Amino acid sequence: MNVPKIVKMKGKEKIVMATAYDAPTARILQDAGIDIILVGDSLGNNVLGYDSTIPVTMEEMLIHVKAVRRGADNAFIVADMPFLSYGVSVEEGIKNAGLFMKAGANAVKLEGGREFSELIGKLISIGIPVMGHLGFTPQSLNVVGGYKVRGKATEEKERLLEDASILEETGVFSIVLEMVIENVAKEVTETISIPTIGIGSGRYCDGQVLVFHDIVGLNPDFKPKFAKRYMNAYEEMLKAVSQFKDEVKNRTFPAEEHKF
Ligand SMILES: Nc1nc(=O)c2c([nH]1)NC[C@@H]1CN(c3ccc(C(=O)N[C@@H](CCC(=O)O)C(=O)O)cc3)CN21
Ligand SMILES: CC(C)C(=O)C(=O)O
Ligand SMILES: [Mg+2]
């Protein structure tokens, strides 16, 4: 997979993106034929135990981008720029995006619209493909005041459509739409000529993204309306570890066949 191929999928074949934060998960996604692996800053919630994406640092992200690359040598990997890695200055944004590319990413993603036009333009001009992210942007949680669906109010919808067009003109190859009301996500998708990738944004986006932990059900306490659990990994893993514990306690493991 590469940037022109992803853009050409619009209107032809749905694009599938999922998150991975480590090598074994990256291997699973690559073997499943997932089009794009996102090393999301949702690393914070799902792996590092933070309660939002705000605390995640470049140092933490870089470790996981490298791990994902080691697990999926052929995958198209997008690295999610964490809070404060691109908001301070264009220079810092370029430096940090460059670190992700050197760590093995094929592109970076950043949250926001017109306010990052200058940075996005420079990144693309020096050879760093950029994925946009509009709608609900979790790094703005403290300004927005919660996890909320976007695009309901008329001015919110207009702003979203404008930002999508500005991002397209600036040269992003794709835009994530997070928790955008379905008819507005559809309108954005029909307005721009680059693919939209939705999460909680309904049926009409050019692609879909979910967090790996939500796909397999690893977070027993997090089940947003937009996610679909394809297995209950938490319960399966709990069962396996409990059996191991029980078998050691009752001396059935290790057995004859496990000894040297
Ligand atoms: N595991 C995981 N999955 C995600 O999709 C995800 C993360 N982590 N971390 C980063 C962001 C944060 N996201 C979130 C977090 C919470 C809600 C949530 O509480 N949703 C509720 C209420 C939505 C509403 O206001 O209508 C829901 O029922 O979907 C949604 C997306 C999406 N991202
Ligand atoms: C939910 C996706 C789009 C994301 O930004 C993340 O996983 O961090
Ligand atoms: Mg993110």
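Taking amide hydrogens as placed 1.01 Å from N in the peptide plane, the amide H of Asp80 sits under 5 Å from those of Val39, Asp41, Lys109, each at least 5 positions away in sequence or on another chain. Shown here is the pair-distance distribution of segment 47-93: with all Cα-Cα distances grouped in 5 Å bins from zero up to the longest one, the shares run 4, 19, 25, 23, 17, 11, 2 percent. For the residues Gly40, Gly217, Gly132, a GNM of the chain with alpha-carbon springs under 10 Å puts the largest fluctuation on Gly217.
Per DSSP helix of 4 or more residues, -39500 (n - 2.57); summed, then divided by the residues of the chain. What does that give at 222 nm, rounded to the nearest 500?
-12500 deg cm²/dmol, from helical runs alone.
Computed from backbone phi, the HN-Hα couplings of segment 191-205 come to 7, 9, 9, 9, x, 9, 10, x, 9, x, 10, x, 8, 9, 5 Hz, rounded to whole numbers (Karplus: 6.51 cos²θ - 1.76 cosθ + 1.60, θ = phi - 60°; Gly and Pro given as x). Quick check: residue separation of His258 and Ser125 times 0.36 nm, minus the Cα distance between them. What number comes out in nm? Between His258 and Ser125, full extension yields 42.1 nm more.
Along segment 216-233 the Karplus relation, 6.51 cos²θ - 1.76 cosθ + 1.60 evaluated at θ = phi - 60°, assigns HN-Hα couplings of 9, x, 8, 9, x, 9, 10, 9, x, 4, 7, 8, 10, 8, 9, 7, 10, 4 Hz to successive residues, with x for each Gly and Pro. Between the Cα long axis of helix 90-102 and the first principal axis of the chain there is an angle of about 40°, rounded to the nearest 10. Loop-located trypsin sites (Lys or Arg not before Pro) in segment 145-226 (DSSP state other than H, G, I, E, B) with a sparse environment of at most 10 neighbouring Cβ atoms within 10 Å: Arg203, Lys225.
With all protein chains present, how much of the accessible area of segment 121-260 (probe radius 1.4 Å) comes from carbon and sulfur, to the nearest whole percent?
Roughly 55 percent, rounded to a whole number.
About the centre of its Cα atoms, the chain shows a dipole size close to 540 debye [charges on the beta carbon of Lys, Arg (+1) and Asp, Glu (-1) only; nearest 20 debye].
Take the Cα pairs of the chain, get the Kirkwood Rh, then feed it into Stokes-Einstein at 4 °C and 1.567 mPa s and tell me D in µm²/s.
Value of D from the Cα-based Kirkwood radius: 67 µm²/s.
Taking amide hydrogens as placed 1.01 Å from N in the peptide plane, the amide H of Val176 sits under 5 Å from those of Gly132, His133, Leu134, Ile197, each at least 5 positions away in sequence or on another chain. Estimated from the Cβ-Cβ distance and a Förster radius of 35 angstrom, the FRET efficiency linking Phe244 and Tyr147 is about 0.45. At a probe radius of 1.4 angstrom, the accessible area of the chain per residue rounds to 51 square angstrom. Backbone geometry of segment 41-57 corresponds, through the Karplus equation with coefficients 6.51, -1.76 and 1.60 at θ = phi - 60°, to 3J(HN,Hα) couplings of 6, 5, 2, x, 6, 8, 10, 8, x, 6, 9, 7, 8, 4, x, 5, 10 Hz, x marking Gly and Pro.
Take the residue pairs Lys109/Lys223; Lys8/Lys95; Lys102/Lys148 and return only those whose Cα atoms are more than 27 Å apart. Cα-Cα > 27 Å for Lys8/Lys95; Lys102/Lys148; rest within.
Each residue was assigned an accessible area with a 1.4 Å probe, and for Met237 the value is about 100 Å². Helix 154-170 axis versus longest C-alpha principal axis of the chain: approximately 90°, rounded to the nearest ten. Highest mobility in the GNM of the chain, judged by mean-square fluctuation with C-alpha springs under 10 Å and restricted to Asn142, Asn232, Asn106, is found for Asn142. When the surface is traced with a 1.4 Å probe over the full set of protein chains, Tyr230 keeps roughly 150 Å² accessible.
Taking the chain as a Gaussian network, Cα atoms linked when under 10 Å apart, which of Val211, Val144, Val16 shows the biggest mean-square fluctuation? Maximum among the listed residues: Val144.
The values are calculated or read from the model by the stated rules, or taken from the named source; none is laboratory data. Just so it is clear, the model here is predicted, and its values are computed rather than measured. Here Cβ is always computed from backbone atoms with ideal geometry, including for glycine, and neighbour counts include all displayed protein chains. SASA here: full protein model, heavy atoms, side chains in, ligands and nucleic acids out. Shrake-Rupley method; radii C 1.70, N 1.55, O 1.52, S 1.80 Å.
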